[in-house]
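Notes follow the structure.
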Amino acid sequence: LATGFEATSRRTRPNLQVGCLVYCRVSQADRYIEPEVLCVDSDGRSNAFGELPTIKEDEKNSGALKGFMLFQCSINQSWSLQRPDCQILQLLGKHLPFEIVIGANGRFAVDSPDITLSLMIRDWVLAGGADEHLVKAAAKKYGRDVKDNGKEK
């Protein structure tokens, strides 16, 4: 009996609510039947699939907001962001602490230590580029060591 989640049965499957942010794969879609989504890869493992934590207060960090924020871009841009040679994500990933999930439907979700940083990453991704000096300044502000040609600045 398949439920779409790793190692679950009907009794132990996650209780997803309307509005939850779920990273999944559409396995079946037809005009006449309900779409079927899976939160496992081809090997039956969940890996990164499943419910993503959305913005809410972090009890451990004195009420700071923590979680993924969902944004929209064009479908062409989402496909280019998924390429391994995507320059903007390479630049941002080299200097900033964040996670990004990119869907084939033109949606992407960003999680970082600070909401302001998430919004800056959104702006840079939507613009398709970023000034390296601004990225390094943001890296200094959010506690990442900035290195330039092997030398720490």
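Derivation of every value follows stated rules applied to the coordinates shown; laboratory data play no part. Since this is a predicted model, take the numbers as computed values, not measurements. Positions of Cβ are backbone-derived with ideal geometry, glycine not excepted, and every protein chain shown enters the neighbour counts.
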Q) Distance in nm between label sites at Ser74 and Ser46, each 7 Å beyond Cα in the beta-carbon direction? A) 3.7
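Tell me, in nm to one decimal, what length is gained between Gln90 and Ala127 on full extension, where the rule is 0.36 nm per residue of separation less the Cα-Cα distance?
11.8 nm
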